Amino acid sequence: MKKLVIVTHPFIEESIINKTWIDELGEHPTVFEIHSLYKKYPTLEFDIEAEQSLLSDFDDIIFQFPIHWFSTPFALKKYIDEVFSFGWAFGPGGGKLAGKQIGFAVSTGGDKESYDSGIPLPDLLNDFKLSFEFCGCKVGKLHAFYGAMNEPTDQVILENAKAYVDAFLPITTEANA
Ligand SMILES: Cc1cc2nc3c(=O)[nH]c(=O)nc-3n(C[C@H](O)[C@H](O)[C@H](O)COP(=O)(O)O)c2cc1C
């Protein structure tokens with residue numbers, strides 16, 4: 001079954017890391033379904049029912065985004081606030097996300113050392129992770145690119161993109177799936 005990749009990046013045309021990630025994921029169209037929130041909803045007026053229906057169709061969901069002000073881009077917060085609704089994601093009649101496997105792919109401007117000596121990225125994303133766990137999801141891998149602001153080489157960026165795809169490729173390869 002395919003994995004849904006929900007991309008939240010407000011300026012994807014100017015992106016280097018997330019754009020390279022999307023290109024690399026796009027090499028595996030039978031594995032990854034890319035859903036870009038800003039592309040589908042430029043004004044961020046989400047179709048809640050359509051989004052809930054889409055989420056229901058996938059067991060594995062990856063949230064991909066750059067860190068903005070030590071958090072997710074606000075569009076992703078809005079998405080969760082609105083789509084993970086009472087009576088659907090939680091509460092009476094809820095639990096529709098229960099059991100889903102969640103992964104994260106996150107890029108940062110700051111380097112790994114500055115995160116690790118301050119608040120490590122997994123800790124920074126803890127509130128975000130808690131929201132999924134509250135909804136009964138299983139939170140798994142976090143793939144990261146650190147130091148986008150340090151002029152990384154094309155090779156470093158491409159190797160990271162390949163590592164991202166490898167981390168989330170199923171054990172069975174596309175050839176023998
Ligand atoms: C509004 C804004 C806020 C940002 N805040 C942070 C931050 O708090 N920490 C950080 O490490 N990088 C921060 N950055 C840098 C981005 O995380 C970085 O440019 C991005 O991950 C690179 O990915 P891209 O090439 O796909 O855009 C910020 C960038 C923008 C535009």
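The residues of region 84-122 that are open to solvent by less than 30 Å² (accessible area, probe 1.4 Å) and among the β-branched types (Val, Ile, Thr), listed by number, are ILE102, VAL106, THR108. Would you be able to say whether some residue in region 129-148 is assigned to a loop (DSSP other than H, G, I, E, B) and within 10 Å of the ligand (Cβ to nearest atom)? Yes, the conditions are met somewhere in region 129-148. Quick check: is even one residue across region 108-121 under 20 Å from the mean Cα position of the chain (by Cα) and closer than 25 Å to THR30 by Cβ? No - not one qualifying residue is present in region 108-121. Highlighted here are the helices (runs of 4 or more DSSP H) found entirely within region 1-64 that include at least 1 residues which are under 15 Å from VAL83 (Cα atoms): 37-40, 48-56.
Residue by residue, here is whether (1) farther than 28 Å from ASP166 by Cβ; (2) within 13 Å of the ligand (Cβ to nearest atom) holds:
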position: HIS68; (1), (2): no, yes
position: TRP88; (1), (2): yes, no
position: ILE102; (1), (2): no, no
position: GLU113; (1), (2): no, yes
position: ASP116; (1), (2): no, yes
position: PRO120; (1), (2): no, yes
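Tell me, which residue of region 70-83 that is part of a helix (DSSP H, G or I) and within 14 Å of the ligand (Cβ to nearest atom) is most open to solvent (accessible area, probe 1.4 Å)? Checking each candidate, the answer is PHE74. The residue that is least open to solvent (accessible area, probe 1.4 Å), among those in region 32-53 that are aliphatic (A, V, I, L, M) and under 15 Å from the mean Cα position of the chain (by Cα), is LEU37.
The values are calculated or read from the model by the stated rules, or taken from the named source; none is laboratory data. Bear in mind the structure is a predicted one, so any value in this text is a computation, not a measurement. Neighbour counts run over all protein chains shown; Cβ positions are idealised from the backbone, glycine included. What goes into the accessible areas is simple: the full protein's heavy atoms, side chains included, and nothing from ligands, DNA or RNA. Shrake-Rupley method; radii C 1.70, N 1.55, O 1.52, S 1.80 Å.
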